[in-house]
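The values are calculated or read from the model by the stated rules, or taken from the named source; none is laboratory data. Computed from a prediction, not measured in an experiment: that's the story for all the values here. Every residue, glycine among them, receives a Cβ derived from its backbone with ideal geometry; neighbour counts consider all protein chains shown. Side chains included, ligands, DNA and RNA excluded: accessible areas come from the protein's heavy atoms. Shrake-Rupley method; radii C 1.70, N 1.55, O 1.52, S 1.80 Å.
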Amino acid sequence: MKFQYLVGIASVFFLTGCTTMPRGDNADLIIHNGQVLTINTEMEVIDDGVVVVKDDTIIAVGGHELMQQYQAKKVIDAHDGIILPGMVNAHNHLPMIAFRGLGEEGISNRLFAYFFPLEAQKLSRDLIYNATKLGAIELAQSGVTTYADMYYHMDEMAKATKEVGLRAVLGETVIKFPVVDAKTPYGGVEYGKKFVEEYKGDALITPAYAPHAIYTVSKEKLQEIHALSEQQDVPVLIHVGEFPNEEKRLEGEAQAKTPIEYLSEIGVLDQRLVIAHGIHLTPNDQKLLKAADVGIAYNPMANAKGATGIAPAWEMYRADMRIGLGTDGPMSSNQVDLVKTLSYAANMQRLKYSDRTIMIPEQVIEMATLGGAKALHMEDQIGSLEVGKKADIAIFETQSANMMPNYNPYATLVYQANPSNIDTTIVNGKVIMENRVMQTVKLDDIRDNVDAFEADIAEFAKELSKTAIKSKSLMD
């Protein structure tokens, strides 16, 4: 599968199998002695590869000969590890990590009978900040350098994310009932406007709007958000096609259309839109999504756990659509890392199509890196190790028992690796974690805060579970 990309520099030189910019001052960072998965258009793998970074940008990628051409303030020996672009988690609700492990008693409709009531009672600015910080640490520890999120108090999320040092697309949720940061229905629109104004142009944070879904946001508000996204040139994140027959919750003639047809008809289906899930899509839906250049976040682990279905991800990948991988929120998959999701991404598609030859490991890793970047319309900045791109890099060690032997690095990552095999994570040229030690923040510094919100939530959550188990699913 070929992806178009923008190098973003005036000139590019091809020297002895490597791509470099004209050498100027010494570099800031060199990574060497590893197997480099470039994820470029040729999916080039460079054994004994080298990546050179100046400021926040990759300035050279190639073989060991680059060690003779560059000197750097910091040199990282990958010790025969696997060097690849930082992974992109294209859909999450990171602060829900505060509720991870709750509501696992077989509740029929967790969204309406459990998620929403729990959030209504227990969310706060402090919880969102501390839970985001905890989640961002976990993301960094698993090689995710960019994530997309839909939630509340996005300014608190942005603050915590930047402290850890990750890159993020953060969408302020808009929904038709009062929530923690909006005491009136659809108050997220005004909150979102302020958030966009504050963070537009930030080096790490891309602000966005996040209308929850077609059944929780009116046509008029969807159109208003679309107009704002055009005016401010920011993304829009939304859940679509997660459940069957979502259109039946709409009114009148809209029930006769699929959710994608509905979005197209009301004029909000465009290149700024990123849809999460896309499980229940018709062939025509897929054509509309491709024509509009929409991004798609495939969440196989969460969808399997929630029994909501298997998205036609292979069809969309094969059609060269903008599809990446996501985990969904930590109550939906109980994970925020993509490492565990990799094998799900492949195996669920093989099961769906009864074909063991599809979604080979190379394609899965492409989807987890450049695919996620494309889903977020950021492939000109991240997603591959190429000259001119931002230095977002992950290094997997290959010395642990589960990582040996390493005949095929793609297969090793998809079917053998664990999050704990991530040794080093770099975002925007800054080392966030090295030798499994966080360099920006310490987990111990927020442990007391995590203990506090866990104690506050536990009893209420237990009683809520008893009530929710008895409730009838609103989606049945």
Arg100 being of a type outside the set (Gly, Ala, Ser) and at pLDDT below 90: no
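Of all residues in region 161-201, how many are aliphatic (A, V, I, L, M) and either over 21 Å from Asn92 (Cα atoms) or more than 20 Å from the chain's Cα centre (by Cα) (or both)?
Filtering region 161-201 for residues aliphatic (A, V, I, L, M) gives 164, 166, 168-170, 174-175, 179-180, 182, 189, 196.
Next, from what is left, pick out any that are either over 21 Å from Asn92 (Cα atoms) or more than 20 Å from the chain's Cα centre (by Cα) (or both): 175, 179-180, 182, 189.
Final tally of qualifying residues: 5.
What number of residues within region 300-323 satisfy the criterion of being out of contact with any strand residue (DSSP E or B) (no Cβ under 8 Å at 6 or more places or on another chain) and among the basic types (Lys, Arg)? Walk me through how you get there before you give the answer.
Just the residues of region 300-323 that are out of contact with any strand residue (DSSP E or B) (no Cβ under 8 Å at 6 or more places or on another chain), to begin with: 301-302, 304-307, 309-310, 312, 314-315, 318-320.
Now drop any that are not among the basic types (Lys, Arg), which leaves 305, 318.
Residues flagged as out of contact with any strand residue (DSSP E or B) (no Cβ under 8 Å at 6 or more places or on another chain) and among the basic types (Lys, Arg) within region 300-323 amount to 2.
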Ile432 being assigned to a strand (DSSP E or B) and closer than 28 Å to Ile128 by Cβ: yes
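Applying the selection to region 112-124, what residues are open to solvent by 10 Å² or more (accessible area, probe 1.4 Å) and either assigned to a helix (DSSP H, G or I) or more than 22 Å from Leu464 (Cβ to Cβ) (or both)?
Within region 112-124, Phe112, Ala113, Phe115, Phe116, Pro117, Glu119, Ala120, Gln121, Lys122 meet the criteria.
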Region 23-61, residues that are part of a strand (DSSP E or B), under 17 Å from Glu379 (Cβ atoms) and not β-branched (Val, Ile, Thr): Leu37
Which listed residue, of Val196, Val217, Val234, is modelled with pLDDT of 95 or more, closer than 26 Å to Leu281 by Cβ and touching a helix residue (DSSP H, G or I) at 6+ places or on another chain (Cβ under 6 Å): Val234
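Condition check ((1) at pLDDT below 95; (2) part of a loop (DSSP other than H, G, I, E, B); (3) under 19 Å from Ala346 (Cβ atoms)) across all residues:
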site: Val268; (1), (2), (3): no, yes, no
site: His280; (1), (2), (3): no, yes, no
site: Lys287; (1), (2), (3): no, no, no
site: Ala291; (1), (2), (3): no, no, no
site: Ala302; (1), (2), (3): no, no, yes
site: Ala307; (1), (2), (3): yes, yes, no
site: Ile310; (1), (2), (3): no, yes, yes
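Report whether or not Asp155 is outside any helix (DSSP H, G or I), closer than 22 Å to Ala131 by Cβ, among the charged types (D, E, K, R) and in contact with a helix residue (DSSP H, G or I) (Cβ under 8 Å, 6 or more places away or on another chain).
no
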Boolean, Ala368 is under 21 Å from Ala136 (Cα atoms) and touching a strand residue (DSSP E or B) at 6+ places or on another chain (Cβ under 6 Å): yes
Filter result (farther than 18 Å from Thr145 by Cβ and in contact (Cβ under 8 Å) with a residue 12 or more places away in the chain) within region 356-371: Ile358, Met359, Ile360, Pro361, Glu362, Gln363
Flag if Glu251 is of a type in the set (D, E, K, R), open to solvent by 20 Å² or more (accessible area, probe 1.4 Å) and modelled with pLDDT of 95 or more: no
Residue within region 201-208 that is of a type outside the set (A, V, I, L, M), outside any helix (DSSP H, G or I) and surrounded by fewer than 20 Cβ atoms within 10 Å (Cβ to Cβ) present: yes
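Here is a yes/no grid of residues against (1) more than 21 Å from Lys340 (Cβ to Cβ); (2) within 22 Å of the chain's Cα centre (by Cα):
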residue: Gly86; (1), (2): no, yes
residue: Ala90; (1), (2): no, yes
residue: His93; (1), (2): no, yes
residue: Gly103; (1), (2): no, no
residue: Phe112; (1), (2): yes, no
residue: Leu118; (1), (2): yes, no
residue: Lys122; (1), (2): yes, no
residue: Ile128; (1), (2): yes, yes
residue: Thr146; (1), (2): no, yes
Qualifying residue in region 394-415 (condition: under 17 Å from Leu204 (Cα atoms) and of a type in the set (D, E, K, R)): no
Test for Val450: is it more than 22 Å from the chain's Cα centre (by Cα) and open to solvent by 20 Å² or more (accessible area, probe 1.4 Å): yes
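Let's see how each residue does on (1) within 26 Å of Val274 (Cα to Cα); (2) touching a residue at least 60 places away in the same chain (Cβ under 8 Å); (3) open to solvent by 10 Å² or more (accessible area, probe 1.4 Å):
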{"residue": "Gly34", "(1), (2), (3)": "no, yes, no"}
{"residue": "Leu37", "(1), (2), (3)": "no, yes, no"}
{"residue": "Val45", "(1), (2), (3)": "no, yes, yes"}
{"residue": "Gly62", "(1), (2), (3)": "no, no, no"}
{"residue": "Leu66", "(1), (2), (3)": "no, no, no"}
{"residue": "Gln71", "(1), (2), (3)": "no, no, yes"}
{"residue": "Ile83", "(1), (2), (3)": "no, yes, no"}
{"residue": "Gly86", "(1), (2), (3)": "yes, yes, no"}
{"residue": "Ala90", "(1), (2), (3)": "yes, yes, no"}
Odd one out for Gln416, checked against (1) more than 18 Å from the chain's Cα centre (by Cα); (2) in contact (Cβ under 8 Å) with a residue 40 or more places away in the chain: (2)
Unmet requirement for Val336, which otherwise passes all of (1) open to solvent by 10 Å² or more (accessible area, probe 1.4 Å); (2) within 21 Å of Asp149 (Cα to Cα): (1)
Qualifying residue in region 125-142 (condition: surrounded by 19 or more Cβ atoms within 10 Å (Cβ to Cβ), touching an Asp or Glu at 6+ places or on another chain (Cβ under 7 Å) and in a loop (DSSP other than H, G, I, E, B)): yes
